[in-house]
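These notes are about the structure you will find just below.
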Amino acid sequence: MAAQLLITQGHNVVLHARNQERARDAARSIPEAEATLVGDLSSIAQTCEIAKQVNLLGKFDAVIHNAGVGYREPRRVETEGGLPHVFAINTLAPYILTALVAKPRRLVYLSSGMHRSADSSLQDITWTQRRWQGAEAYAESKFYDVLLAFAVARRWPDVLSNALEPGWVPTKMGGSGAPDDMDQAHRTQVWLAVSDDPAAVVSGGYFYHLRPRAVEPAARDPARQDTLMTVCQRLSGIAFPDP
């Protein structure tokens, strides 16, 4: 929906899909897209390859990090790198892509209202010491996405880096009983990516339905932000570039 709205507004859009089958589905749904890049974000190697594909296409004005998996995983699904699936896709992949893709003018990270209930200690990020809880793992990954957005905003003052929550909407992930308006979920993503509205031309903000929203206060802590960046660098082997 974000891609369709961007194209309607006259922007050039590149999509991402996890595999070739989903890439074909995306291309059929949005034939106006310039390209669909393919790679599984649970794989560090494939995520790095996606970054290479992006850079071959040239420098982008905006990147929206809205790929993710949900809160219903009943067990710790391990990636080829030994990481929990939820963390690898929801947090580590956007870190890797941010680090390796040529700096765009704007970065948009999708979080969730569930981030406010997350354990903000950053202890046992990879869930090796705790009994698995899918909802908590998801909430923590979304808290980390806010930390990432704010860390990038602080480290790269020439880039507008913001986070948002789309609401609990009736997608496949959210479920049919989700109460929020599906038609609003994508609009803030697009607004932060391209709008010249002074309210959107900011950095280090957190939004919901085109308006600022209060964030978990711990996400504003530079020490927590730096801890996450250090952990992501260690787990991925990829250093975050200087400004």
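The values are calculated or read from the model by the stated rules, or taken from the named source; none is laboratory data. Remember, it's a predicted structure, so these values are computed and weren't measured experimentally. Methodologically, a virtual Cβ is constructed for each residue, glycine included, from the backbone with ideal geometry; neighbour enumeration extends over all protein chains shown. Accessible surface areas use protein heavy atoms only, side chains included; no ligands, DNA or RNA. Shrake-Rupley method; radii C 1.70, N 1.55, O 1.52, S 1.80 Å.
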If Asp119 satisfies every condition in (1) modelled with pLDDT of 95 or more; (2) open to solvent by 50 Å² or more (accessible area, probe 1.4 Å) but one, which is the exception?
(1)
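Going residue by residue through the stretch 133-143, is there one that turns out to be part of a loop (DSSP other than H, G, I, E, B), open to solvent by 30 Å² or more (accessible area, probe 1.4 Å) and touching a Pro at 6+ places or on another chain (Cβ under 7 Å)?
Start the filter on the stretch 133-143 by keeping residues that are part of a loop (DSSP other than H, G, I, E, B), which leaves 133.
Among the residues that remain, those that are also open to solvent by 30 Å² or more (accessible area, probe 1.4 Å) are: 133.
Narrowing the set further to residues that are touching a Pro at 6+ places or on another chain (Cβ under 7 Å) leaves none.
No.
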Restricting the stretch 32-47 to residues that are open to solvent by less than 30 Å² (accessible area, probe 1.4 Å) and within 17 Å of the chain's Cα centre (by Cα), the residue that is farthest from Ile96 (Cα to Cα)
Leu37
Quick check: is even one residue across the stretch 122-136 at pLDDT 95 or above, farther than 26 Å from Asp183 by Cβ and small (Gly, Ala, Ser)?
no
In the stretch 72-104, which residues are open to solvent by 30 Å² or more (accessible area, probe 1.4 Å) and among the β-branched types (Val, Ile, Thr)?
Val77
Being touching a Pro at 6+ places or on another chain (Cβ under 7 Å), of a type outside the set (Lys, Arg) and open to solvent by 40 Å² or more (accessible area, probe 1.4 Å): is that true of Asp25 here?
no
Residue hits (the stretch 106-132; in a strand (DSSP E or B) and among the aliphatic types (A, V, I, L, M)) are Leu107, Val108, Leu110
